[in-house]
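Trainee: Quick one: this structure, given as structure tokens, is what I'll be asking you about.
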Amino acid sequence: MDRNHSRRDVLRSMTAATASLSAWPRMACAQQGIRHTLWVVDHIGPAHLIGNQVQTVLGAIGVLNLAFMAPLVTNPLADSITAQLSATPNFAPGDAVVFLVLNPARSVLPNSPTKPSVLGKSAYVPGAPSICEVYWERCFNDLEVAGALFHEAAHGMSQQGDDMHDYRSSGIGGPGVRVLAEQQQGVPKLPSYADLEFYAAAIRRRTTFVTSVP
Ligand SMILES: [Zn+2]
């Protein structure tokens, strides 16, 4: 084999490798075929804020779509994902429902007592619909509300408790979750790849949810 020939071969295999790299995202997307709506049910009532909070319900939904749902589609871990405000969620398998309630005293969960600092809580039993809520008064801004909604939706879909908080992407030193880690009140975070990965896998479980206030 002469020198030119082998260089051509190298070039050809490099071109093939590049082509398969650029084709990968679309293939992965087509294989996944995931669609999902995170339904947010506003159960706050006349929305008061108790301190220096600056969130609005529509602002939080906007951040949820921009910072959490959109990266799931562009990565691509899913085909179609949105967060939507609705009093009557049109639930389909693979969706999630989270109630926004004022505080734990207004909980819609069967057992409401909860730790003083948590931003939300979920109740789940394998084989039964999950029920999730986020405490409006405990959040500081749109990003914190969005993160809390994403966090509880993931608990509800995965039906996992504290194990979710320690999830890590596979691989050497795989990054851990940030938004799905145990939350610190007043420290809103943007999602890590591990957050998106865990959430996409949870969608595939097609867990059912309580869709109206019990
Ligand atoms: Zn949690």
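Trainee: Check the stretch 133-148 and report whether any residue there is over 25 Å from residue 87 (Cα atoms) and crowded, with 17+ Cβ neighbours inside 10 Å.
Mentor: No, the stretch 133-148 contains no residue that is over 25 Å from residue 87 (Cα atoms) and crowded, with 17+ Cβ neighbours inside 10 Å.
Trainee: On to the next question. Inside the stretch 150-186, can you point out the residues that are among the aliphatic types (A, V, I, L, M), touching a residue at least 24 places away in the same chain (Cβ under 8 Å) and away from the ligand (no atom under 12 Å from the Cβ)?
Mentor: The answer is 157, and nothing else.
Trainee: Any residue at all in the stretch 115-135 that is among the small types (Gly, Ala, Ser) and either under 14 Å from the mean Cα position of the chain (by Cα) or within 11 Å of the ligand (Cβ to nearest atom) (or both)?
Mentor: Within the stretch 115-135, one or more residues are among the small types (Gly, Ala, Ser) and either under 14 Å from the mean Cα position of the chain (by Cα) or within 11 Å of the ligand (Cβ to nearest atom) (or both).
Trainee: For residues that are within 16 Å of residue 198 (Cα to Cα) and exposed (fewer than 15 other Cβ atoms within 10 Å of the Cβ), tally how many sit in the stretch 43-78.
Mentor: Residues meeting the conditions: 2.
Trainee: Touching a helix residue (DSSP H, G or I) at 6+ places or on another chain (Cβ under 6 Å), of a type in the set (A, V, I, L, M, F, W, C), part of a strand (DSSP E or B) and at pLDDT 95 or above: is that true of residue 38 in this structure?
Mentor: Against the criterion (touching a helix residue (DSSP H, G or I) at 6+ places or on another chain (Cβ under 6 Å), of a type in the set (A, V, I, L, M, F, W, C), part of a strand (DSSP E or B) and at pLDDT 95 or above), residue 38 qualifies.
Trainee: Can you tell me how many residues in the stretch 45-75 are more than 16 Å from residue 188 (Cα to Cα) and not in a helix (DSSP H, G or I)?
Mentor: 8
Trainee: What about residue 147, is it over 17 Å from residue 37 (Cβ atoms), touching a residue at least 12 places away in the same chain (Cβ under 8 Å) and within 16 Å of the ligand (Cβ to nearest atom)?
Mentor: When the stated conditions are applied, residue 147 passes them.
The values are calculated or read from the model by the stated rules, or taken from the named source; none is laboratory data. Note that the coordinates shown come from a computational prediction; the quantities given were computed from them, not determined experimentally. Note that we place each Cβ from the backbone using ideal geometry, even for glycine, and neighbour counts take in every protein chain shown.
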